[in-house]
Amino acid sequence: MSSKELDGRVAIVTGGAAGIGRAIATRFVAEGARVVIADLDAERGTELARGLGPAAVFQQVDVSVPDNLGDLVESTVTALGGLHVMVNNAGISGRMFTRFLDDDLADFNQVLAVNLLAPMAGTQHAGRHMAAHGGGSIINVSSLGGLRAGRSVIPYRASKAAVIHMSKCAAIDLAEYNVRVNVIAPGNIPTQLLASSMTEDPEAAARVAATRALMAAIRPLNRDGTAEDVAETALYLAGDRSAYVTGIVLPVDGGSAAGSPPARGPGAVSSSQGAPAPQAAPA
């Protein structure tokens, strides 16, 4: 008998070609799942699927179009015979480090389409299949920015906060079908999303470095998180160990959502002594 936690199960991971999604897809395959890697980035997605072997396939998808999520679920079920785990991970940051009064909100609709409407549509389409086939696990990826307020990237923060509330509502609505809906809220995770934001705005690199240094100083666990840390959490929520868990928000952030530790190092200032609140960058 196989000891792999996801043996025989089928999963979809949106935004699966890089960063957190890539780590989740890789972990799921290692645990026996067959995984559809859904992403706009065909080059990276195809490369990853090839590297993971026959248990992984790539499908190019623009998740900002709700009907595409329905097509993704349908094609997965047709090709792989079912769907047991849906990970709505794809996300974008929008414009970084723009003060609210200076933001023209030109990217608002795109941020909401990718970060909120796509997880909602993915939850709905996956939920419909799962409800008719004995249940399943839906995992929506939010962010520390959806739990903690701060200035800048307000559309991003708002979208990630909305994902949390939407997921809790869906967990209640789908519970009668044994469809579980849970949320992971990563924080302090260096990812491709953050790197892309820095590349697009040359001034952002120094700002991100300063922000991350501040966040590290007031984070209880004294290390950055990794995409693999998030993948381990996704594995727990995808499998049988969390069979009685639904409607939760699980921060994977080194304790940042809980509070700040005592000051570290000579001359350090703890948050209780007046340090500025951290501006959580996208996970």
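Key figures
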| read-out | value |
| --- | --- |
| Segments 69-80, 38-49, 101-112, 14-25 sorted - mean Cβ within 10 Å per residue, highest first | 14-25, 38-49, 69-80, 101-112 |
| Derived scalar couplings ³J(HN,Hα) [the range 91-103; Karplus, 6.51 cos²θ - 1.76 cosθ + 1.60; whole Hz; x for Gly, Pro] | x, 10, 8, x, 5, 8, 6, 9, 5, 4, 5, 9, 7 |
| Simple label model, 7 Å out from Cα along Cβ direction - Ile248 to Ile172, nm | 2.0 |
| Charge tally in the Cβ shell below 14 Å around Ala56, where Lys, Arg are +1 and Asp, Glu are -1, Ala56 excluded | +3 |
| Order of His165, His84 under a 10 Å beta carbon neighbour criterion, fewest first | His165, His84 |
| The range 1-121: relative contact order in percent, alpha carbon pairs under 8 Å with at least 6 residues between | 26 |
| Neighbourhood charge, 15 Å Cβ-Cβ cut-off, centred on Val29 and excluding it, Lys, Arg +1 and Asp, Glu -1 | 0 |
| For Gly136, residues with placed amide H under 5 Å, excluding near neighbours | Val179, Arg180 |
| Amide H partners (placed H, <5 Å) of Val35, local residues excluded | Ala11, Ala56, Val57 |
| Packing-based exposure ordering (other Cβ within 10 Å, fewest first) of Ile218, Ile248, Ile139 | Ile248, Ile218, Ile139 |
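Any read-out appearing in this document is the output of simple, stated calculations on the displayed coordinates, not a laboratory observation. Computed from a prediction, not measured in an experiment: that's the story for all the values here. Here Cβ is always computed from backbone atoms with ideal geometry, including for glycine, and neighbour counts include all displayed protein chains.
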